Each structure stands twice: as structure tokens, then as C-alpha cells.
1. Quick one: Karplus J couplings for the stretch 31-44, per residue in order, coefficients 6.51, -1.76, 1.60, θ = phi - 60°, nearest Hz, x for Gly and Pro?
2. Could you sort the peptides 50-58, 72-80 by per-residue average Cβ neighbour count (10 Å cutoff), highest mean leading?
3. Convert each backbone phi in the stretch 76-84 into a coupling constant with the Karplus relation 6.51 cos²θ - 1.76 cosθ + 1.60 (shift: θ = phi - 60°), then list the ³J(HN,Hα) values in order as whole Hz, x for Gly and Pro.
4. How big is the shadow of the Cα convex hull of the stretch 29-142, averaged over all directions, in nm²?
5. Enumerate the calculated ³J(HN,Hα) couplings along the stretch 111-116 in order (Karplus 6.51 cos²θ - 1.76 cosθ + 1.60, θ = phi - 60°), each rounded to whole Hz, writing x wherever the residue is Gly or Pro.
6. Can you give me the distance in nm between label points at residue 16 and residue 88, each placed 7 Å from the Cα along the Cα-to-Cβ direction?
7. Taking a 1.4 Å probe, which of 109, 87, 101 shows the most accessible area, and what order do the others take after it?
8. Regarding the stretch 12-58, what whole-number volume in Å³ per residue does the convex hull of its Cα atoms give?
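The values are calculated or read from the model by the stated rules, or taken from the named source; none is laboratory data. Values in this document were obtained by computation on a predicted structure and should not be read as measured data. Cβ placement follows ideal geometry from the backbone for every residue including glycine, while neighbour counts extend to all protein chains displayed. Heads up: the accessible areas ignore ligands, DNA and RNA and are worked out on the full protein's heavy atoms, side chains in. Shrake-Rupley method; radii C 1.70, N 1.55, O 1.52, S 1.80 Å.
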Amino acid sequence: MTTGAQTPRSPARPPRSRLRTFLPLGIAAWLVLEIWLLTVVAGASSGFVVFLLLVAGIVLGSVVIKRAGRRAFRNLTETLQQQQAGMMPEARPNSEGNGLMMLGGLLLMIPGLISDALGLLMLLPPVQKAVSRYAERTVERKLREARPGTLGDAFRQARIHQPDGKVVQGEVIRDEPHDAPDDAPQGPRPPLTR
């Protein structure tokens, strides 16, 4: 028997972003391509050569990551020492790119020839500068497009360089009885009940 009432509909799901749609497909295609290239190289030379390439990538990647980490730690230590001495930290021309060098080292450590090629590209200074400029522009654009109340808005608020200088006047009020002296011992407190 129908009463004419409409069936309740579930709220419409927001559309899937392109990243959520194509990222799993891209990762699967990349893995298939990496395995195919490794089998082609193994067929052209030998399995031992492929093994040596993979081990060399892991060793080189770990050396790059270790070097970039040491350089970043040294820069951080120097900056903190300058701030403690009361000096303004000076800009270092070679201090940028530590994160991109670590990313390049990580790509070298991932087994595969494509990731090794990308890792070697990330070690080149012109590529690092281009990637960092692109990433900076992308982050700035996303922050400008962020709606109020989102995570991007919180980042934008945190990045304010000069506060507006507003001060809220007030005073602290404690809820203590003024009759009892401060040094008087208090008796045991009653147990908490629900």
C-alpha cells in the first residue's frame, strides 16, 4: 500500500577529487612499469646486474639522505646559536634544498629504474630550484583559495607576520574563599561522585 510519501534519500556524497580517483591507478601503472623495466634490463644483461643496480641505488640513496640530514642539522644549529647570541640569522645560499635532496635519496632507495632516474634528477640544483618554486606557488595559491574555517585558513592565520596589536584588557579572578588564610591546611576532599 503506498501512501504517497517520498522515500528519504541519503545525502549526496561530495564528488571524488581527481587525486583520489587517479592516484591508485597511477601507482599501479608505475609499479607495473618498474617491474617491466627491471625484467627488460635483466633480459638484456643478467639478474646479477639488476641486483647490483638495486643495491647501488639503496647505498647511494642512504648516503644522500645522510648528507642532507647532516647539512640541515648543521644549518639549524648555526641558526639557533646566532639567535641565542642575539644576532639576526643570516640567509645562507646553500641552505635550501635539503628536503628535496632527502626526497631524491628516498627515490634512489626505492627499488626501480624510474624512481632512480627521478631521484638523480632531484639531486641537480636547477631541478631543485624549479621544484621548490613550483611547490611554493602551489601552496600560496591553495592558501589563497582556502575557505574560512578550513585547514588552509588556519595556515593563513598562522602565517600572519605582523599582528594587529589588539589587546584584550582583563584581570584574573580566583574562586577561593577570602576568609581562609593561604597557609591554612585544608581537610580531605570528599570523593567524586557522579
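1. Working through the residues one at a time gives 5, 5, 5, 4, 5, 4, 5, 5, 5, 5, 5, 5, x, 6 Hz.
2. Values: 50-58: 15.2, 72-80: 12.9.
My ranking of the peptides, most packed first, is 50-58, 72-80.
3. After applying 6.51 cos²θ - 1.76 cosθ + 1.60, I find 5, 4, 5, 5, 5, 5, 5, 5, 5 Hz.
4. Details: hull surface 36.4 nm².
Directional mean of the projected Cα hull area for the stretch 29-142 stands at 9.1 nm².
5. x, x, 7, 5, 5, 5
6. With each label point 7 Å from Cα toward Cβ, the separation is 5.2 nm.
7. Values: 109 65, 87 110, 101 20 Å².
Accessible-area ranking of 109, 87, 101, largest first: 87, 109, 101.
8. On the way: hull volume 3.6 nm³, N = 47.
Cα convex hull per residue, to the nearest whole number: 77 Å³.
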